[in-house]
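First the structure, in the form of C-alpha cells, and then the observations on it.
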Amino acid sequence: MELTKDEESALKGEQGEIMQMAYRILVATGEATDADKLVPIEWAHLSGVNYNTIGDAGEEFLSSISKEARVKVKTTLNPMGFDIDNVSNYGLDENFISKQLSIRNSYETMGVIPSFSCIPYEIFDIPKVGTQVAFAESNAAIHANSFDNLKTNKESAFSALASALIGKSPYSSLRKDDNPNITIQMKVKNPNELTYGMLGFFAGKVGDTSVNISGLGDMDKRQTKAMCGGMGTSGTCAKFIFGEGNSNCEKIDFDEKEMQNVHDELNTAEKGDIITLGSPQLGLDEISELAGKLKGRSFQKRCMVFLPRTVKEQSTKIGYTTELERAGCEILSDCCTCLSPLINKDSVDAVTTNSIKGAFYLKNSNGVGVNLKPLSQIIEDETR
Amino acid sequence: MKVLVSGKVEGIVLKSKNPINFLGTVDKKMGIISDKNHDLYQKSIKDTVLVFPYGVGSSVGAYTIYSIKSNKTSPLAMICKKADLTVATGCALANIPMITISDEEFSSIKNGMKISFDTDSNQIHYQ
C-alpha cells in the first residue's frame, strides 16, 4: 500500500503513539485486503462497545487510549450491555455495570456520539450517494452498501476505530468494485420478515464479498433490515446487488427446501419463555406498526422490545410507548437482543423471536433455545 | 513475504497445522491453547514465533491478541499463509510483527526451528 509522506510519518510515530497504532491497524488491514492507498471517510460506526464481548482487555485499552485519542470524523456507536434507565431491574453484577460505564465514558471522551444503536442508517441523516464510510456493525455495513448508496467494507472493531481516529480507510474490496460471482434466485412465495432474514443468512453463507439477488419484489423496512441482519450474521458478505448479474454468474435458488434448512439450523425450541423483538433494533415505523397490531391486546409473557434511545424518545412523544407498555412490553434502549447479559440461560430456557441475527447469538453466545416465528404469528400466539 | 505489521524478530517456531480462533481457544492470561481439538492443545504461545495458516472466528479475537500482549504471554511474531482481519488488526494493535508467506515457505518451516526476519530488509533466515 502506498502511503503519503504525512501518513508515513504517522506510521513511524512522529505524530504520537496513538496515531502510530491507528496507522499500524489501517496498514495491516490494507495489506490484508490488497488496498493500494487510504481514502478519506466521512463517518465511522464502531462495534466493540458491550463489556460482554470486549472484556477487561477492551475496557483497559479504551480507557488508556481515551486519555489522548480523539475521533476526526462523525463517529457513532453500537449498543452496549444495558439500558441505564432500568439496569437495576436486571440483577447485573456491579463489576459488569462499572466496566460497561467505563467503556461508555472512554468513547464519549474520544468524541464519539453515544448513539448505542446498530441501526445508524435509520437514526442519522444519510450522506450523499457514493460517500465512503467505515461501518463495523455488519447489518449496518450491508444496509449502507445495499440500500443507502454508501461505500464501506465490513470493518472490524479495530479498523473502524482506527479509521475514526485518522479519518481514512484502506481503499479495497467493496469500496471500489463489486462483481459478485453468485446470483441467488428468490423462489419462496409470500415471504415475510422471517423469510427475508433467512434469505440473508443463506446469502451470507454462499456469497463472498457481495451477492446478486433476483426475484425480489418490493420490500418494507422490516424485511430489508431482516435481510441485512441475517446476512451479517452468517458470513463476510457485505452487499446485496439486485438483479441477475452477468451471464457467467453461478445461479443458486433460495427455495422452500433451503429456507427449511436455515430454519432447522436456528429454530431449536417449540416455544419460548420470553419474547424479544429488535435485532437489529426497531425503528419508528416498526414501533408504529407494533403499536397498531397490539391495540386491545396484551402479551401473556414477558416481551422485551429493543430500540435506540432516539426512537424511544420519538415513540414516547407520539404515544406508542404507552401503548406498548400497556400491552406488557418492556422497552429497552442502548442495548440489543444480541450478546445481551440481560437474557441468560440460568433464568430462561428458550426465547421466541422473529430475528435471525438474534436467534443465532441467543443460541450460540447466550446458550438459550430459540423459537423462530414471524411477528404476526408471535402476536397471534402470544397475546390476548 | 508480505508485511502486515513491521518489525525485527528472532525466535523459535511453534507451528500449528490448524487455523487459530483467538476468541475462546487462547487463554487470555496464560497464552495457552485451551481447545482440546487443536493440534497445539496445552501449548504456550508465549515468546514463540507462531506459525499457523490463518485466524478464524469473531473479530473480537483481536482483543485477545491485545490481552496476551498486555499480559506478556504473546508470541514474538506471527507468520500466516493467509491474512485475516482478526489476526492482522490484533497484531497491529498489540504491535506484534506479522507477515504472510507463500505455501512453499510455509511448508518448509518446521516446529522448533530457529527463525529470524526483518521486515525492513525483507529477509527471512532459517536455522
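Taking the stretch A:110-140 and a reference point 7 angstrom along Cα→Cβ of A:ASN179, no backbone N atom is nearer than 15 Å. Taking the Kirkwood radius as Rh and the Cα radius of gyration as Rg, the stretch A:239-384 has a ratio of Rg/Rh equal to 1.03. Placing +1 on the Cβ of every Lys and Arg and -1 on the Cβ of every Asp and Glu, with no other charges, gives the stretch A:267-382 a dipole of roughly 40 debye about its Cα centre. Label separation (A:ASP36 vs A:GLU8): 1.9 nm, computed from points 7 Å beyond Cα along the C-beta direction. Given +1 at the Cβ of Lys and Arg, -1 at the Cβ of Asp and Glu and no other charges, the dipole of the stretch A:24-134 around its Cα centre is 420 debye to the nearest 20.
For chain B, give the magnitude of the charge dipole about the Cα centre (Cβ charges: +1 Lys/Arg, -1 Asp/Glu; no others), in debye to the nearest 20. List each step's numbers first, then the result.
Values: 15 positive and 11 negative charges, 72 e Å.
The dipole of chain B has a size of about 340 debye.
Taking both sides together, what accessible area is buried at the A/B interface, probe 1.4 Å, expressed in Å² and rounded to the nearest 100? The A and B chains share an interface burying roughly 1700 Å². Pairs of alpha-carbon atoms within less than 8 angstrom and 6+ residues apart define the contacts here; what relative contact order does chain A have, in percent? Taking the mean separation of contacting Cα pairs over the length of chain A, I get 17 percent. State which entries of B:LYS15/B:LYS36; A:LYS151/B:LYS81; B:LYS69/B:LYS114; B:LYS2/B:LYS29 exceed 19 angstrom in Cα-Cα distance in the structure shown. Going by Cα-Cα distance, A:LYS151/B:LYS81; B:LYS69/B:LYS114; B:LYS2/B:LYS29 fall outside the 19 Å limit. With Cα atoms defining each centre, the stretch A:1-43 and the stretch A:246-323 are spaced 40 Å apart in the structure.
Percent relative contact order of the stretch B:2-126, based on C-alpha pairs within less than 8 angstrom and at least six residues apart? Don't skip to the end; give the middle numbers.
Details: 293 pairs, mean separation 43.2, N = 125.
Across the stretch B:2-126, relative contact order equals 35 percent.
Might you tell me the accessible area per residue for the stretch A:182-265, computed with a 1.4 Å probe and given in Å²? Let's see the in-between values first.
Details: 3530 Å² over 84 residues.
Accessible area per residue: 42 Å².
For chain B, the Kirkwood estimate of the hydrodynamic radius, built from every pair of different alpha carbons, is 14.0 Å.
Phi angles of the stretch B:81-95 translate, via the Karplus equation with coefficients 6.51, -1.76, 1.60 and θ = phi - 60°, into HN-Hα couplings of 7, 10, 8, 10, 5, 5, 5, 4, 6, x, 5, 5, 4, 7, 6 Hz per residue; Gly and Pro are given as x. Taking a straight line from the alpha carbon of A:LYS5, these aspartates and glutamates sit under 16 Å away, with near neighbours fewer than eight places off in the same chain left out: A:GLU14, A:ASP36. A straight Cα-to-Cα reach below 26 Å connects A:LYS312 with the lysines A:LYS74, A:LYS99, A:LYS221, A:LYS225, A:LYS293, A:LYS295, A:LYS301, A:LYS357, A:LYS373, residues fewer than 8 places away in its own chain not being considered. Note on the protein assembly as shown: percent of Cα-Cα distances in each 10 Å bin, starting at 0 and stopping at the bin with the largest distance, equals 4, 19, 28, 27, 16, 5, 1, 0.
Ranking A:GLY367, B:TYR54, B:THR25 by Cα position along the charge dipole of the protein assembly as shown, where only Lys, Arg, Asp and Glu carry charges on their C-beta atoms, puts B:THR25 farthest toward the positive end.
Put a dot 7 Å past the Cα of B:TYR54, heading toward its Cβ, do the same for A:ARG70, and the two dots end up 4.0 nm apart.
Within the stretch A:182-265, the percentage of alpha carbon pairs spaced more than 23 angstrom apart rounds to 9%. Since only A:PRO127, A:ASN153, A:GLY207 are under comparison, the one whose Cα sits farthest along the positive direction of the charge dipole of chain A, derived from C-beta charges on Lys, Arg, Asp and Glu, is A:PRO127. When the Cα positions of A:GLY296, A:GLY278, A:ILE113 are compared along the charge dipole of chain A, A:GLY296 comes out farthest toward the positive end, with charges on each C-beta of Lys, Arg, Asp and Glu.
Rg/Rh, computed from the Cα trace of the stretch A:171-213 with Rh as the Kirkwood radius, has the value 1.06.
Just the accessible area per residue of chain B, please: how many Å² with a 1.4 Å probe?
Numbers: 5690 Å² over 127 residues.
Per residue, chain B has an accessible area of 45 Å².
Counting only aspartates and glutamates at least 8 places from A:LYS271 when in the same chain, those with an alpha carbon closer than 20 Å to its own are A:GLU193, A:GLU330, A:ASP346, A:ASP349, A:GLU380, A:ASP381, A:GLU382.
The values are calculated or read from the model by the stated rules, or taken from the named source; none is laboratory data. Quick caveat, the model's predicted, so the values are computed rather than measured. Every residue, glycine as well, gets a Cβ built from its backbone with ideal geometry; the counts of neighbours run over all protein chains shown. In case anyone asks, the SASA skips ligands and DNA or RNA and just uses the protein heavy atoms, side chains included. Shrake-Rupley method; radii C 1.70, N 1.55, O 1.52, S 1.80 Å.
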